[in-house]
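This report refers to the structure that appears directly beneath it.
The values are calculated or read from the model by the stated rules, or taken from the named source; none is laboratory data. Fair warning: this is a prediction, and the values are worked out from it, not measured in the lab. Don't worry about glycine lacking a Cβ; one is built from the backbone with ideal geometry, like all the others, and counts go over all protein chains shown. When the accessible area is computed, the model is the full protein with side chains, heavy atoms only, and any ligands, DNA or RNA have been set aside. Shrake-Rupley method; radii C 1.70, N 1.55, O 1.52, S 1.80 Å.
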Amino acid sequence: WFVVRNIVQILGTIGGPSVVGLLEPLIQHGEPRVRQEVMTALRNVDLHHGRALLLRLLDSGDTRMFCSVLAQLAQERDHETAQMLLGYMLHSDFEKRSAEERRAIYSALGTAGGDEELPELEAELHKGNWFSRHQEVHRQAVARIIARIATPAARVVLERGVQSRRQPVRKACEDALGGMVGRE
């Protein structure tokens, strides 16, 4: 495995789209350290060329790999990535994920998301009922995602939330507005 890992390191140093085909069979390698090195090597490949391999690495079942791949996929605003992340967040099994995976999804969505995702995020912000106390951590995270998107439309969503009759929604939006910074 270590010989293969060393070869992957060399390919990562070379970088560029020409190494993607050579890395592809290695994402199924039995050794997790080789798969981790493939993910690292893909950092030197344009995201548009390495995206398919990164998406396949998400299914590895390894929390560390999942979080690393999400961070790599969400380096810039990308509607396709944001929609995939929304799918993870809105899935009924989201609460069963580890805390690290949930944080990675929230963080990546704040980076990759844009105005196109705001309607779904706003609906998620207002979701819940009086008896769902565990929902408050999620609501705070969703409000922070909207604040990280930091467009004028995101600010409008948070300002609407501040006007909500529901105190948890108001509090989440007030906190998020307080930490909102402009995104360039």
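When restricted to residues that are more than 15 Å from GLY110 (Cβ to Cβ) and not polar (S, T, N, Q), the stretch 57-91 contains 13. Among residues of the stretch 3-20 that are under 12 Å from VAL34 (Cα atoms) and of a type in the set (Lys, Arg), those with a beta-carbon under 9 Å from a residue that is open to solvent by 90 Å² or more (accessible area, probe 1.4 Å) and in a helix (DSSP H, G or I) at least six positions away or on a different chain give the pairs ARG5/ARG33.
Of all the listed residues (GLY61, GLY12), the sole one being more than 25 Å from GLU117 (Cβ to Cβ) and either open to solvent by 50 Å² or more (accessible area, probe 1.4 Å) or in contact with a strand residue (DSSP E or B) (Cβ under 9 Å, 6 or more places away or on another chain) (or both) is GLY61.
The test for being open to solvent by less than 40 Å² (accessible area, probe 1.4 Å) and either out of contact with any Asp or Glu (no Cβ under 7 Å at 6 or more places or on another chain) or within 18 Å of VAL4 (Cβ to Cβ) (or both) does not hold for THR40.
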